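Engineer: I'd like to ask some things about the structure below.
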Amino acid sequence: MHPTVIYLIRHAETTWNAEGRLQGTLDAPLSERGQEQVRRLVEALRAVPLAAVYSSPLGRACATAAPIAAAHGVPLCTVSGLREMDQGEWEGRLRPIQARVDSPAESSIPGSESIVDVQARAVAAMHLLAEQHPGETIAVVAHGGVNKTLLLSCLGAPLGHHARIAQGGACINIIELGGPLPRVTALNSTVHLDVDP
C-alpha cells in the first residue's frame, strides 16, 4: 500500500506576524503579503492530487486553506487538534521573551498550554487523518508551533529541539505516513513564494 502523503502547511502571514505579536489562540487577519502567499500556495499545489483539505479552526489557517480547497473542488474541514498552542497571558503581546522559544518544553507562561499536550493532540489528529485517507494525498494547514511538534514526532526528535525547526509563513512540509516509520520529505519549503505564478 502506498503511504498517505500529507502536505503540512503553515498559515500565511497575518498582520500580527508582521508586527511580531504572539497570536496563540487569538486571531488576526492575513496581511497583504499573506494574501499574496495564499495565491502562490494555490498555484504551487494546483497539480497536486489532493483528496482532502484540513485546517486548524483558527481564522488565519482557514483563510489560508479555503482557497486551496476551492481550487481542488473539495470541502474545507476543520480539526480542533490542529489549533495553535495557547500562549496564555502572552497572547497579543509583542514577542518580548526568548524563554518560550529556547525551552518550549519547560514553559512558565501563566495560563499557557503545555507543548507536550499540543504535540499529543496534534499527532493524534494527524494519524486519524492518515487513517481516513490511506494511500491518498491531503493538505493540512496549521501553525508554526503545531507543525514543529508534528515534524519532531515524525523525526523521533525531542521537543527540546522545537526552536531548531523553521516554519515560515505559507511554508510547505511533506510527510509520508503508512510505512514502517514516518518520513519527512520536505521541510519549510518556501520556493513557491519566490517564483511568480
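The values are calculated or read from the model by the stated rules, or taken from the named source; none is laboratory data. Just so we're clear, the structure is a prediction, and the values are computed from it rather than from any experiment. Here the Cβ is made from the backbone with ideal geometry for all residues, glycine too, and neighbour counts use every protein chain on show.
Engineer: Yes or no: segment 132-151 includes at least one residue that is assigned to a helix (DSSP H, G or I), at pLDDT below 95 and either of a type in the set (Lys, Arg) or more than 13 Å from the chain's Cα centre (by Cα) (or both).
Structural biologist: no
Engineer: Find the helices (runs of 4 or more DSSP H) located wholly in segment 1-75 whose residues include 1 or more that are at pLDDT below 95 and in contact with a Gly (Cβ under 9 Å, 6 or more places away or on another chain), and list them. Write out each step before concluding.
Structural biologist: Values: elements: 15-19, 32-45, 59-72.
Result: 15-19.
Engineer: Can you find a residue that is closer than 25 Å to Thr25 by Cα, free of Cβ contacts under 8 Å to residues at least 40 places away in the same chain and in a helix (DSSP H, G or I) anywhere in segment 181-196?
Structural biologist: no
Engineer: Confirm whether Leu76 is surrounded by 16 or more Cβ atoms within 10 Å (Cβ to Cβ) and in contact (Cβ under 8 Å) with a residue 24 or more places away in the chain. Step through it out loud before you land on a result.
Structural biologist: Details: surrounded by 16 or more Cβ atoms within 10 Å (Cβ to Cβ): yes; in contact (Cβ under 8 Å) with a residue 24 or more places away in the chain: no.
So Leu76 does not fit the description; no.
Engineer: Inspect all residues belonging to segment 141-149 and state whether any of them is surrounded by fewer than 16 Cβ atoms within 10 Å (Cβ to Cβ) and not acidic (Asp, Glu). Don't jump to the end; show me each part of the working.
Structural biologist: Initially, segment 141-149 is screened for residues surrounded by fewer than 16 Cβ atoms within 10 Å (Cβ to Cβ), giving none.
Within segment 141-149, none of the residues are surrounded by fewer than 16 Cβ atoms within 10 Å (Cβ to Cβ) and not acidic (Asp, Glu).
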